[in-house]
Amino acid sequence: MEWVHTRDYVAAVRSLSAGLAPAQALQPERFGFSEQGDNPVYPGMYDAALLSSGATLVAAELVAEKRVDAAFSISGGLHHAAPTHASGFCIFNDPAIAIRYFLDRGLRVAYVDVDAHHGDGVQDVFYPDDRVLTISIHESGQYLFPGTGFVSEAGVGDGVGYSVNVPLFPYTEDELYLWAFREVVPPLIRAFAPDVLVTQLGIDSYHSDPITHLQLTSRGYVEVIREFAKLGLPWLALGGGGYDVGAVARCWSLAYGVMLGVEWPDRIPEAVSGQYPSTNLRDTVAMDVPDNMRQQARQYLEDGVANLRREVMSKHGLG
């Protein structure tokens, strides 16, 4: 944990989790915890966060040791946690911990985050580091937590040009999302030439997610996963956000199938189908976004990608 987080913060999480001292004495607000916010204190949270981070670290070891081509740590992807405090439901930042593990082995890392929320915690940890390329594609911070992730956030010092952000307008749907992804992600990764790929695969970009405004279907999401697979890199995949639980289960099942090279049957097995509103794994719905909203989303994204080419991608020879 201390590869990324301060000793004081790790100790505070452990003490708050176990109730070792009155909460008032530990001042949980100092560490991002609040009964009214995203990060309430609850018994056992330290152990739960360790298990999540530990799963990601085991997956990273499997990839680094070439025991697997790809590993999926579904409970990971907690990308908002900061070195000194919890944020956005995230206590320990397992993506950053895994990236530190790869760096310690002398590997260059490309990190791509497709959660609807900006991957601010991971970006901040590696903001001055040119050994890590962080790319986040997310609903714009103008409209959604954590209020960051603009094109101008491009790194500092040696890291200038190695933090890449693609903010999206609300109601961006499959076609436009995939256009932006293909314009930015594969070219940058090829130019950077990493040794390993780390992806945060949040599916709160799904059209029925209750706390975000993007309009992806399972079709668009799976195409993104296929783009990752085409890169042919050692691959550590992580979970992330997603608050329509049935959509999360279906989309992550489809993502895992891509990693395995398996095309699952579309019918969800009867043993579990009753838990979800859909009996089919794949979406058939077509999103009906009003023309004026679709046009705003297109203009917003085209302007952003043009700015990104000029300000960031040009540093990698991709004007």
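Assorted remarks:
- Just one of the listed residues (Ile225, Ile203) is under 15 Å from Asp174 (Cβ atoms), assigned to a helix (DSSP H, G or I) and within 19 Å of the chain's Cα centre (by Cα), and it is Ile225.
- Any chance Ala71 is assigned to a strand (DSSP E or B), buried (at least 19 other Cβ atoms within 10 Å of the Cβ) and more than 14 Å from the chain's Cα centre (by Cα): yes
- Qualifying residue in region 43-66 (condition: closer than 26 Å to Gln123 by Cα, surrounded by fewer than 17 Cβ atoms within 10 Å (Cβ to Cβ), touching a Cys at 6+ places or on another chain (Cβ under 9 Å) and not aromatic (Phe, Trp, Tyr)): no
- Checked against the criterion of being modelled with pLDDT under 95 and either over 17 Å from Pro170 (Cβ atoms) or not in a loop (DSSP other than H, G, I, E, B) (or both), the candidates Gly319, Gly304, Gly232, Gly240 yield just one match: Gly319.
- Those residues of region 99-116 which are of a type outside the set (Phe, Trp, Tyr) and either in a strand (DSSP E or B) or in contact with a strand residue (DSSP E or B) (Cβ under 6 Å, 6 or more places away or on another chain) (or both), in sequence order: Ile99, Leu107, Val109, Ala110, Val112, Asp113, Val114, Asp115, Ala116
- Filtered by the rule that a residue be over 30 Å from Glu35 (Cβ atoms) and crowded, with 16+ Cβ neighbours inside 10 Å, region 74-107 gives Ala98, Ile99, Arg100, Tyr101, Phe102, Leu103, Leu107.
- Residues of region 278-300 satisfying the condition of being touching an Asp or Glu at 6+ places or on another chain (Cβ under 9 Å), in a loop (DSSP other than H, G, I, E, B) and farther than 25 Å from Phe169 by Cβ: Thr279, Leu281, Arg282
- Looking across region 260-301 at every residue that is of a type in the set (Phe, Trp, Tyr) and at pLDDT 95 or above, the one that is farthest from Arg219 (Cα to Cα) is identified as Tyr300.
- Of all the listed residues (Ser278, Ser314, Ser253), the sole one being surrounded by fewer than 17 Cβ atoms within 10 Å (Cβ to Cβ) and without any contact (Cβ under 8 Å) to a residue 12 or more places away in the chain is Ser314.
- Yes/no for Arg219 being under 24 Å from the mean Cα position of the chain (by Cα), under 19 Å from Val114 (Cα atoms), touching a residue at least 60 places away in the same chain (Cβ under 8 Å) and surrounded by fewer than 17 Cβ atoms within 10 Å (Cβ to Cβ): yes
For (1) assigned to a helix (DSSP H, G or I); (2) aliphatic (A, V, I, L, M); (3) free of Cβ contacts under 8 Å to residues at least 12 places away in the same chain, each residue gets a yes or a no:
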| residue | (1), (2), (3) |
| --- | --- |
| Thr134 | no, no, no |
| Leu144 | no, yes, no |
| Gly161 | no, no, no |
| Leu176 | yes, yes, no |
| Phe181 | yes, no, no |
| Ala191 | yes, yes, no |
| Leu197 | no, yes, no |
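The values are calculated or read from the model by the stated rules, or taken from the named source; none is laboratory data. Note that the structure is a prediction, hence the values are computed from the model and not measured. Ideal geometry is used to build each Cβ from the backbone, glycine not excepted, and the neighbour counts take in all protein chains shown.
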